[in-house]
Amino acid sequence: MTIWQDLLDKAQSVQSRRIGELFEKDNRAGGFSRETGPFLFDFSKTNIDAETLDLLVKLAEVKDVAARAEAMFTGEKINDTEGRAVLHTALRNLDTDVFVDGENVMPEVRATYARMEAFARDVREGKFTGQGGKISDVVNIGIGGSDLGPAMATLALAPYHDGPRCHFVSNVDGAHIHDTLAGLNPETTLVIVASKTFTTIETMTNAETAKRWMAEKVSDPAQQFAALSTSAEKTAAFGIDQARVFGFADWVGGRYSMWGPIGLSLMIAIGSEGFAGFLKGAATMDAHFRDAEFKDNLPVLLALVGIWHNQFCDYATRAVLPYDQRLARLPAYLQQLEMESNGKRVSMDGKDLPYNSGPVVWGEPGTNGQHAFYQLIHQGTRVIPCEFMVAAEGHEPDLAHQHTLLVANCLAQSEALMRGRSLAEATEIMRKKGFEGDELDRQARHRVFPGSRPSTTLLYPKLTPEVFGGIVALYEHRVFVEGVILGINSFDQWGVELGKELALALAPVLKGEDAGEGKDGSTRQLVARVQSLRG
Ligand code: F6P
C-alpha cells in the first residue's frame, strides 16, 4: 500500500532530524496539540510534522477506521473469531438503544445497572449486612479484566471513596488471598466473585478458599457472596443467590468490562453518583471519538502517534508515565488492554502480519520511575516513546506545593527528553568543575543526553471520576484504532490458552499422579527438583 510505504520513507527521511528543530517554525505546540472536554493532548514533542500527520490521518481513513468504529458502536459482530459484538460502550451510554441480532440489548443492561445501584446502596447504608452487622470490607476475587479495572479505578478514585474498604485478590498464589483475608472479619466481609466465564482456575480456587475461610465463622457463607458473570448457571452451581448475581452478555470483553457489573466494587466504594460520573466521562469520550474529525480526534491521534512510533520508527516499546500516584495501576491495566488486544501475529483474514504487532507497554508513576528506569530512557541506546499524563491540581489543597513539584517534574522530563545535552554543553559543565584533557572528554561524554526523544503529554484539571472515565475510554479507543489499522482482531485472546492447558496438565505431574510422559527434559528436571525440595 502506498501510504504505508510513504510513511516508511518519511520515517527514514526524518530519522536524523531533531524534534527541537520543529519548534523553530511558528506555533508548533498549538498546531500539534488538540483539546476535548477537560483534556489537552500535546504531541508536539514528537517527530511528526504536517506532512506525516496528513499521511497518518489518510492511513486511518483508508483503513476504514470510521466504518469499523460505527460497526462497533452499533452492535455488529466485529469480534469475528468468536462471532461476538463488541459493546462495552453500551454499558456507559445507557440512554441509547443498541441492537444485537435484531434484539434491543439495553433494557437488560439498564435493569442490571439498577440492581447494582440498589445493592451498592444497601451495602453502603448497612441495609445489606453480614452476620456480624454492617459490611466493613469488600473482597473482589477476579483476575485479568475482572481485577485490573476495578482495582485500578478504586485506587484512582480514592478521594471519592466513602464506602467499605475494598480489597482485590487475583493471584492463584495462596499468599495473595491469605494475606488479604488475614486482617478481615468474616462476619462483616462481602466477597464478590468476578469472572466473566466463572471457570477461571485462579478465581474459582480463590473463591473456594474464601468460602472455607468464611465458613469458620459464618453459618451460611453464600449469603455474603455476590457474583459478576455471564453464566447464571455456574454462579447458581457455586451456591450464590441469583438476587446477588449481576450478569452481562458475551459482547463485553473481559478487559473492557469494568463499566458494568465488574465495576460493582468501585460502585460500592464511591457510590452510584461517582460511578455515574465515571461512566459519563467515558461516554463523552465515546461521542468525541465517534464525531470528531480524525485530525482533531484524541483517540485517533493517540493511536496514530503509537503506530508512527511502533510500525514506522520501529520503537518496540512505549512507556506510560502517569504523574499521579493514584494511577499506579494504570500501566498494568494498559498492559492487558493493549497487549492482550493487539499482541497478535495474524491478521483478520488469517494471514501472517507483514509488520510488527502492537508494542510492549510498560510504566510506573512519576516521580518514582525517575529514580529507577529513566536513566535508560534518557541515555540508553534504544528510543522509548513516553506518554506522560498529569493533573493541573491534586485533591490535597494543603499539599499544593507538592503537586507543583510533581507537575514541574513531569514537564521537565519531556523537556529533557527532547532537548538533551550536547557534548559541548557537557564539556563546559565539566571544565568548570576542573577537569581537563582526556579526562575532561571522558567525563563529559558520560554526561551527554542525545535528546530528540519523543513524548506526548495528556493534561487535565483534576483526576475526578469523569476525567478518569475519559482517560480509560481514550486508551480503549486508541487500542481499537491501532488494531483496525494493523488489520487484527483486538477482541479475542487465543494467546492465553496454551499456557492454561499445559498448567492444567502439569498439576497432576507435580503431585506425582501422572508420570509426565512426553514432557521435555527441562520441564521434567524442574518438576523433579520441586518434588525433591518438597520432600
Ligand atoms: O486468560 C485471559 C482472560 O481470559 C482475560 O481475557 C480475562 O480478563 C481474564 O482471563 C479473566 O477471565 P474471567 O473474567 O472469565 O475469569
- line: From highest to lowest solvent-accessible area (probe 1.4 Å; ligands, DNA and RNA excluded), LYS63, LYS344 read LYS63, LYS344
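Over the chain, what is the relative contact order in whole percent, taking alpha-carbon pairs under 8 Å and six or more residues apart?
Details: 869 pairs, mean separation 96.4, N = 535.
Worked out over the chain, it gives 18 percent.
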Extension gain, ALA292 back to ALA71 (0.36 nm per residue minus Cα-Cα distance, nm): 77.9 nm
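Using only the C-alpha atoms of the chain, find the volume of their convex hull and express it per residue in Å³.
So the per-residue Cα hull volume is 204 Å³.
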- prompt: If the limit is 24 Å between Cα atoms, which of LYS10/LYS295; LYS295/LYS344; LYS10/LYS77; LYS63/LYS500; LYS344/LYS519 go over it?
  reply: LYS295/LYS344; LYS10/LYS77; LYS63/LYS500; LYS344/LYS519
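Could you work out the percent of alpha carbon pairs in region 371-421 separated by over 16 Å, rounded to a whole number? The partial results should precede the final answer.
Details: 614 of 1275 pairs.
Summing the P(r) tail past 16 Å for region 371-421 gives 48 percent.
In whole percent, what relative contact order does region 1-125 give with Cα contacts below 8 Å and a gap of six or more residues?
Details: 88 pairs, mean separation 16.9, N = 125.
RCO, region 1-125: 14 percent.
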message: If I compute solvent accessible area with a 1.4 Å probe over the protein chains, what percent of it on the chain is carbon and sulfur?
response: 51
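Rounded to two decimals, what is Rg over Rh for region 297-348 when you use alpha-carbon atoms and the Kirkwood radius? Can you show the working numbers first?
Details: Rg = 12.6 Å, Rh = 12.6 Å.
Looking at region 297-348, the ratio lands at 1.00.
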message: Could you check the spin-label model distance between SER13 and GLU125? Points 7 Å from the Cα along Cα→Cβ, value in nm.
response: 6.7
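Scaled to the compact-protein estimate 2.2 N^0.38 Å, what is the alpha-carbon radius of gyration of region 126-205, rounded to two decimal places? List each step's numbers first, then the result.
Details: Rg = 12.8 Å, N = 80, 2.2 N^0.38 = 11.6 Å.
Ratio of Rg to 2.2 N^0.38 Å for region 126-205: 1.10.
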- prompt: Roughly how many nanometres apart are two label points built 7 Å out from the Cα toward the Cβ at ASP250 and ASN27?
  reply: 5.2
task: Apply the Karplus parameterisation 6.51 cos²θ - 1.76 cosθ + 1.60, with θ equal to phi minus 60°, to every residue of region 429-441 and state each ³J(HN,Hα) to the nearest whole Hz, in sequence, with x for glycine and proline.
output: 4, 6, 4, 4, 8, x, 7, 8, x, 4, 5, 4, 5
- prompt: Rounded to the nearest 5, what % of the DSSP beta bridges within the chain are antiparallel ones?
  reply: 30
message: Can you compute the FRET efficiency between ASP64 and ALA392 using 1/(1 + (r/R0)^6), with r the Cβ-Cβ distance and R0 = 41 Å? Round to the nearest 0.05.
response: 0.65
task: Grab the eigenvalues of the alpha-carbon gyration tensor for region 462-535, scale each by 5, take roots, and send me the semi-axes largest first in whole angstrom.
output: 44, 18, 9
field: Between region 414-484 and region 111-159, the Cα center-to-center distance that results, in Å
entry: 39
- request: Specify the inter-centroid distance of region 335-365 and region 233-301, based on alpha-carbon positions, in whole Å.
  value: 23
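The values are calculated or read from the model by the stated rules, or taken from the named source; none is laboratory data. Everything numeric in this text was worked out from a predicted model, so none of it was measured. In this analysis, Cβ positions are derived from the backbone assuming ideal geometry, glycine residues included, and neighbour counts consider all displayed protein chains. SASA here: full protein model, heavy atoms, side chains in, ligands and nucleic acids out. Shrake-Rupley method; radii C 1.70, N 1.55, O 1.52, S 1.80 Å.
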